[in-house]
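Data block below; observations after.
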Amino acid sequence: MATMENEKIKIFYDASCRVCDAEISHYMKIEDGVDLEYVNINDPGFDPAAYGKNLDEFMEQLHVQDRDGTFHVGVDAFRLIWRQLPGAHYHLLAIMTGLPGINLFSRIGYRMFAANRHRLPKKPD
């Protein structure tokens, strides 16, 4: 599937998940002019097929699409977001979660969260 360059980095998130929504809302408050676009995959108008995926794929883990159209999933998605945000601590977090041992534990921890987030109370409409 051919992709066009995006003007912004797209963050695909589930706004009905309290934890997910709180995390993304935090990013929205601090981003300070960063070229991030937030796409609520729970919105009735969201069409996953437009991105060559189905909704289950998006619901499984956080997805971020970079400016070249490449998808980054799970911990890699967070690392891409953190590299964009202002503040050295986010950049350091992106670096640290890329280190071999920390990366492995980050991936395991995130996978456990993602596999069980449906058990958490949903955000009220």
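The values are calculated or read from the model by the stated rules, or taken from the named source; none is laboratory data. All figures in this text were calculated on a predicted structure; none of them were measured in a lab. Here the Cβ is made from the backbone with ideal geometry for all residues, glycine too, and neighbour counts use every protein chain on show. Accessible surface is based on the protein model in full, side chains and every heavy atom, while ligands, DNA and RNA are left aside. Shrake-Rupley method; radii C 1.70, N 1.55, O 1.52, S 1.80 Å.
Calculate the dipole size of the chain relative to its Cα centre from +1 charges on Lys and Arg beta carbons and -1 charges on Asp and Glu beta carbons; express the result in debye to the nearest 20.
Approximately 580 debye in magnitude.
With the cut-off at 18 Å, report for the chain the share of all Cα pairs above it, as a whole percent.
For the chain, the share of Cα pairs beyond 18 Å comes to 54 percent.
Okay, helix-only estimate at 222 nm for the chain: each DSSP H run of n ≥ 4 adds -39500 (n - 2.57), divide by all residues, round to 500 deg cm²/dmol; what do you get?
Dividing the helical sum by the residues of the chain leaves -13500 deg cm²/dmol.
Under 8 Å for C-alpha pairs, at least 6 residues apart: give me the relative contact order for the chain, rounded to a whole percent. Mind dumping the intermediate values first?
Working: 158 pairs, mean separation 37.2, N = 125.
The normalised contact order for the chain reaches 30 percent.
Separation of the stretch 43-91 and the stretch 95-109 by C-alpha centroid, Å?
Going from one Cα centre to the other spans 18 Å.
Please list ASP68, ASP32, ASP14 from largest to smallest accessible area, probe radius 1.4 Å, with all protein chains kept in place.
Details: ASP68 95, ASP32 130, ASP14 5 Å².
Heavy-atom accessible area, descending, gives ASP32, ASP68, ASP14.
Comparing ALA50, ALA22, ALA115, which has the greatest mean-square fluctuation in the GNM of the chain with Cα pairs linked when under 10 Å apart?
ALA50
Amide H of TYR38: which non-local residues (sequence gap of 5 or more, or other chain) have their own amide H closer than 5 Å, using H built in the peptide plane?
Amide H to amide H, under 5 Å and 5 or more residues apart or across chains, TYR38 pairs with ILE11.
Hey, got the dipole for the stretch 66-125? About the Cα centre, +1 on K and R Cβ, -1 on D and E Cβ, debye to the nearest 20?
It comes to approximately 260 debye.
Given GLY101, ILE24, HIS72, which one lies farthest toward the positive end of the charge dipole of the chain, if we put +1 on the Cβ of every Lys and Arg and -1 on the Cβ of every Asp and Glu?
Of the options given, the answer is GLY101.
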